[in-house]
Structures are given as C-alpha cells and as structure tokens.
Amino acid sequence: MTRGVRGATTVENNTANEIIEHTRTLVLEMAENNQIQPEDVSHAFISVTKEVDAAFPAKALREIDGWKYVPVMCMQEIDVPGSLPNCIRIMMIVNTDTAQKEVVHTFQREAVKLRPDLVEGKDR
C-alpha cells in the first residue's frame, strides 16, 4: 500500500546552504519518524514559497546516503496572501503497511503553524 507522508520546514534566509540543510534535516526526521528506507519511497514532491529560490531542495535528498535514486520534483507553492513565507513542503509517497492515521507527519521550525492538529503535544 502507498501512503503520503507530509513534512514542512522554514528557512530564515534564502541561501543554498540553508535550503539544503533544512530540507535534509526534514527528510531525515520524516524517515526516522516513519521507519522509511529510501527503497520504500516511490517519489517525493517538494514545494517552496516564492521567496525560496536560491537552490533546489531536491539536491538535499541526492546528497543523503542511499537516497540518490529517489525520484524528486520541485515546484513553487501557490502564492496565497497571508500564507507562511520561506516555507519548504514535502509530500513523500511511500510503500508501507502503516495505517493512515498512524503516519507521522513532520513539521519543523515555523511550519508547525501549518498543521497544529498534527503536531499537538510534540516538542518542535
């Protein structure tokens, strides 16, 4: 069965190093929280808000040991007025036996504001 695993983080500065660093941290936590191995990942979509354009976040996955061959596509998030700026979102499609309600979605930094219902009671 396939499931979607959500994750999001933010950057303070639009720099390649920060984009790659925070994306890497997010992917590793998403994988740890859900016991995901790279071979379990069908593909991943990464969206960024308009002000995050100094690097492709997908580069972070290619640099993680074992993740080089995971198909990843980057795109720009819809520019909704009042939405969270400087945000990187990931939708990872994985093969898993985990029940949908048991999937752990990971929100870091300012992105915890996106889905407080999914991070309630978690220290971030």
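When the range 79-89 is examined, which residues are found to be β-branched (Val, Ile, Thr) and modelled with pLDDT of 95 or more? Let's see the steps before the verdict.
Going through the range 79-89, the residues β-branched (Val, Ile, Thr) turn out to be 80, 88.
The one that is β-branched (Val, Ile, Thr) and modelled with pLDDT of 95 or more: 88.
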Could you count how many residues in the range 96-113 are within 17 Å of residue 35 (Cα to Cα) and either in a helix (DSSP H, G or I) or among the aromatic types (Phe, Trp, Tyr) (or both)?
-> 4
Search result, residues across the range 67-76 that are modelled with pLDDT of 95 or more and either over 26 Å from residue 35 (Cβ atoms) or over 15 Å from the mean Cα position of the chain (by Cα) (or both) = 75, 76
Residue among 93, 64, 78 that is surrounded by fewer than 18 Cβ atoms within 10 Å (Cβ to Cβ), among the hydrophobic types (A, V, I, L, M, F, W, C) and either in contact with an Asp or Glu (Cβ under 8 Å, 6 or more places away or on another chain) or without any contact (Cβ under 8 Å) to a residue 12 or more places away in the chain (or both) | 78
Here are 20, 93, 88: which of them is among the β-branched types (Val, Ile, Thr) and not in a strand (DSSP E or B)?
-> 20
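Can you pull out the residues in the range 74-103 that are of a type in the set (Val, Ile, Thr) and in contact with a strand residue (DSSP E or B) (Cβ under 6 Å, 6 or more places away or on another chain)? Don't jump to the end; show me each part of the working.
Taking the range 74-103 first, the residues of a type in the set (Val, Ile, Thr) are 78, 80, 88, 90, 93-94, 96, 98, 103.
Scanning the range 74-103 gives 88, 90, 93, 94, 96, 103.
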Could you please let me know if residue 80 is more than 12 Å from residue 4 (Cα to Cα), assigned to a loop (DSSP other than H, G, I, E, B) and aliphatic (A, V, I, L, M)?
-> yes
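Give the range 23-53 a look and list any residue that's assigned to a loop (DSSP other than H, G, I, E, B), of a type outside the set (S, T, N, Q) and surrounded by 15 or more Cβ atoms within 10 Å (Cβ to Cβ), or say none.
The initial filter retains those residues of the range 23-53 that are assigned to a loop (DSSP other than H, G, I, E, B), namely 34-37, 49-53.
From what is left, the residues that are of a type outside the set (S, T, N, Q) are 36, 50-53.
36, 52, listed by residue number.
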Quick one: what pairs do we get from the range 13-41, first residue farther than 14 Å from residue 109 by Cα, second of a type in the set (Phe, Trp, Tyr), C-beta under 6 Å, 6+ apart or different chains?
-> 38/67
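The values are calculated or read from the model by the stated rules, or taken from the named source; none is laboratory data. Not measured: the values here are computed from a predicted model. Backbone-built Cβ (ideal geometry, glycine too); neighbour counts: all protein chains shown.
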